[in-house]
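Engineer: Handing you this structure, nothing more for now.
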């Protein structure tokens, strides 16, 4: 149950129980303080643990300084009915982000900026489970202007506005566009999408929502 954080060929691995219990995104998230975990080593969509891609976590453009913003504790996305706890996700020795254990919670890349810091913060979640839709099942329905609220441990709330939502093939995932674009405090919400490939046990695409702090 891992999310591979890779500099090249990044994408989200199977994000629902149809593809294996508890697997969610593989992302190339920017790291805070220049953290550079080692190569995750697999090809996109490969690996029994749901990891994808190869390379290392990038430093990100404008990564925020540690401690500038408090850690996220809850995510609310009114337009799609999301109100979920946020859990911190650490990297394993291979540079991969461990997945949330629950289908009703989301995970934040603890190695990257906090939501509200300068740089690209990443929050990922499951799209479905063995019993039905999971927390990010409707993520692809978000439209420009939608609100994303991130409640933080200090009681403050970071308010983001959606710029756009996009769907990308995992085989040709645009790392630079997703994880190293924009200025100021950016947020990416990520899950799986597209067709579910029963041969590989993975979804073929990733859904990515781009948002900025207001």
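The values are calculated or read from the model by the stated rules, or taken from the named source; none is laboratory data. These figures come from a predicted structure and were not determined experimentally. Because the Cβ atoms are built from the backbone with ideal geometry, glycine has one as well, and the counts that use them run over all protein chains shown.
Engineer: If you take the residues of the range 146-155 that are in a loop (DSSP other than H, G, I, E, B) and over 15 Å from residue 117 (Cβ atoms), which of them is modelled with the lowest pLDDT?
Structural biologist: 155
Engineer: While we're looking at this one, here's another question. For residue 77, which of the numbered conditions (1) surrounded by fewer than 18 Cβ atoms within 10 Å (Cβ to Cβ); (2) at pLDDT 95 or above; (3) under 20 Å from residue 207 (Cα atoms) fails to hold?
Structural biologist: Of everything listed in (1) surrounded by fewer than 18 Cβ atoms within 10 Å (Cβ to Cβ); (2) at pLDDT 95 or above; (3) under 20 Å from residue 207 (Cα atoms), residue 77 misses just condition (1).
Engineer: Also, I was wondering about something else. Is it fair to say residue 135 is in a strand (DSSP E or B), touching a strand residue (DSSP E or B) at 6+ places or on another chain (Cβ under 6 Å) and either closer than 20 Å to residue 72 by Cβ or modelled with pLDDT of 95 or more (or both)?
Structural biologist: Considered against the rule, which asks whether it is in a strand (DSSP E or B), touching a strand residue (DSSP E or B) at 6+ places or on another chain (Cβ under 6 Å) and either closer than 20 Å to residue 72 by Cβ or modelled with pLDDT of 95 or more (or both), residue 135 comes out as no.
Engineer: Which one is surrounded by the fewest Cβ atoms within 10 Å (Cβ to Cβ) among residues in the range 187-214 that are out of contact with any helix residue (DSSP H, G or I) (no Cβ under 9 Å at 6 or more places or on another chain) and within 20 Å of residue 75 (Cα to Cα)?
Structural biologist: My answer is 214.
Engineer: Being in a strand (DSSP E or B) and either under 18 Å from residue 208 (Cα atoms) or in contact with a helix residue (DSSP H, G or I) (Cβ under 6 Å, 6 or more places away or on another chain) (or both): is that true of residue 87 here?
Structural biologist: Here the answer is no, as residue 87 does not meet what is asked.
Engineer: In the range 156-176, what count of residues is obtained for those that are in a loop (DSSP other than H, G, I, E, B) and modelled with pLDDT of 95 or more?
Structural biologist: 1
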